[in-house]
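The structure under discussion appears below in the form of structure tokens.
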Amino acid sequence: MSQHTTTLIWQRDNAKFTDKRYSRAHTWLFDGGASIPASSSPDVVPVPYSVPENVDPEEAFIVSLSSCHMLWFLDFASRGGYVVDSYRDEAVGVMEKNAAGKWFIARVTLHSHVVFSGEKGIEGSSVPELHHQAHESCFLANSVKTEIDIQGTWERV
């Protein structure tokens, strides 16, 4: 079993609060020492009560899925003898209402681009298989009901 701990800090400051005119800015602290400024999305709560420059929970959810997938992809590529020089993913999440009328992130599409080098050649069928293995192994993908689609491209240098 593995346990992970984070800390979230928010302060009301001088806002009245009951009029809903308070800042949604807060901070995420991670066990390794990283501190991330966070906020609600300005698509959900208008500025100035949200901070567009800060990470919002929806973005964090999407990039968490992307990161988990990439880490497994790199692991399986390394095990297979492939050399990955770079991996870039421009993940996109789509919010929709579920059957109960509640908003959720229904789909996340990973638009990864992987650059390979090294002596072992990469065939077209190898990359989708690496993505499949990564998806099947990703802890987060196994934890959510969000549909995850992988639209990867690759090249060899």
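Checking the structure you have, find out if any residue of segment 92-100 is more than 12 Å from the chain's Cα centre (by Cα), under 25 Å from residue 36 (Cβ atoms) and at pLDDT 95 or above. Within segment 92-100 (the criterion being more than 12 Å from the chain's Cα centre (by Cα), under 25 Å from residue 36 (Cβ atoms) and at pLDDT 95 or above), the answer is yes, since at least one residue qualifies. When residue 58 is tested against (1) at pLDDT below 95; (2) under 14 Å from the mean Cα position of the chain (by Cα), exactly one condition is not met: (1). Taking segment 94-119 as the region of interest, how many residues are assigned to a loop (DSSP other than H, G, I, E, B) and not basic (Lys, Arg)? Number of matching residues: 7. The residues listed here are 127, 115; of these, the one that is touching a Ser or Thr at 6+ places or on another chain (Cβ under 6 Å), surrounded by 14 or more Cβ atoms within 10 Å (Cβ to Cβ) and more than 10 Å from residue 69 (Cα to Cα) is 115.
Return the residue satisfying two criteria in turn: it lies in segment 102-157 and is closer than 19 Å to residue 85 by Cβ and among the charged types (D, E, K, R), and of such residues it is farthest from the chain's Cα centre (by Cα). Once the filter is applied, the top-ranked residue is 119. Scanning segment 6-39 for residues that are surrounded by 13 or more Cβ atoms within 10 Å (Cβ to Cβ) and outside any loop (DSSP other than H, G, I, E, B) yields 26, 27, 28, 29, 36, 38. Within the set 153, 109, the sole residue that is of a type outside the set (Lys, Arg), loosely packed, with under 14 Cβ neighbours inside 10 Å and closer than 17 Å to residue 69 by Cα turns out to be 153.
The values are calculated or read from the model by the stated rules, or taken from the named source; none is laboratory data. Quantities reported herein were computed from a predicted structural model and do not represent experimental measurements. Virtual Cβ from ideal backbone geometry, glycine too; neighbours counted across all protein chains shown.
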